[in-house]
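Novice: Structure in structure tokens, see below.
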Amino acid sequence: QVQLVESGGGLVQAGGSLRLSCAASGRSFSGYAMGWFRQAPGKEREFVTGFSWSGWRLSYADSVKGRFTISRDNAKNTVYLQMNSLKPEDTAVYYCAAARGLYSGSDRKEFDYWGQGTQVTVSS
């Protein structure tokens with residue numbers, strides 16, 4: 001069992017930056033695929049980026065390429081999402097998720113554990 005807690009969301013002006021954190025507890029997230037998702041009002045939850053079960057960085061959503069960067073600190077059992085050059089369309093609740101098994105994809109249905117989400121609001 002893995003518990004995930006996101007933090008770092010908030011209100012920021014367009015062009016600003018935020019760093020989200022996802023702290024895992026209960027067991028090490030080593031061997032789990034980790035993903036960042038987001039859900040804007042009235043839209044489906046979408047994959048932003050993540051790590052495969054073996055630790056490889058997965059691709060970024062086209063809408064965030066060149067602006068967002070995922071990283072991890074295995075010693076702290078924490079995954080980060082650095083978000084730069086934020087746009088109003090990045091406004092959403094951001095979720096961290098973990099998938100058991102040898103998973104390396106972006107299908108939200110394959111992720112078994114979810115955090116509570118953290119709100120990111122970008123004003124124009």
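The values are calculated or read from the model by the stated rules, or taken from the named source; none is laboratory data. None of these values were measured; they are calculated from a predicted model. Every residue, glycine among them, receives a Cβ derived from its backbone with ideal geometry; neighbour counts consider all protein chains shown. Side chains included, ligands, DNA and RNA excluded: accessible areas come from the protein's heavy atoms. Shrake-Rupley method; radii C 1.70, N 1.55, O 1.52, S 1.80 Å.
Residues are listed down the side, and each one gets a yes or a no for (1) part of a strand (DSSP E or B); (2) touching a residue at least 12 places away in the same chain (Cβ under 8 Å); (3) surrounded by 18 or more Cβ atoms within 10 Å (Cβ to Cβ); (4) on the phi > 0 side of the Ramachandran plot:
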position: Tyr60; (1), (2), (3), (4): no, yes, yes, no
position: Thr69; (1), (2), (3), (4): yes, yes, no, no
position: Gln82; (1), (2), (3), (4): yes, yes, no, no
position: Glu89; (1), (2), (3), (4): no, yes, no, no
position: Tyr95; (1), (2), (3), (4): yes, yes, yes, no
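Novice: Within the range 9-19, identify whether any single residue is of a type in the set (Gly, Ala, Ser), buried (at least 16 other Cβ atoms within 10 Å of the Cβ) and at pLDDT 95 or above, and answer yes or no. If you could, list the steps in order and put the result at the bottom.
Specialist: The first filter runs over the range 9-19 and keeps only residues of a type in the set (Gly, Ala, Ser), leaving 9-10, 14-17.
Going one step further and asking which of them are buried (at least 16 other Cβ atoms within 10 Å of the Cβ), we end up with 9.
This time we only want the ones that are at pLDDT 95 or above, so: 9.
Yes, the conditions are met somewhere in the range 9-19.
Novice: Go through the residues of the range 98-113 one by one and say whether even a single one is in a strand (DSSP E or B), buried (at least 21 other Cβ atoms within 10 Å of the Cβ) and either in contact (Cβ under 8 Å) with a residue 12 or more places away in the chain or in contact with a Leu (Cβ under 9 Å, 6 or more places away or on another chain) (or both).
Specialist: yes
Novice: Say whether the condition of being touching a helix residue (DSSP H, G or I) at 6+ places or on another chain (Cβ under 8 Å), closer than 21 Å to Ser85 by Cβ, open to solvent by 30 Å² or more (accessible area, probe 1.4 Å) and aromatic (Phe, Trp, Tyr) is met by at least one residue in the range 21-43.
Specialist: Taking every residue of the range 21-43 in turn, none turns out to be touching a helix residue (DSSP H, G or I) at 6+ places or on another chain (Cβ under 8 Å), closer than 21 Å to Ser85 by Cβ, open to solvent by 30 Å² or more (accessible area, probe 1.4 Å) and aromatic (Phe, Trp, Tyr).
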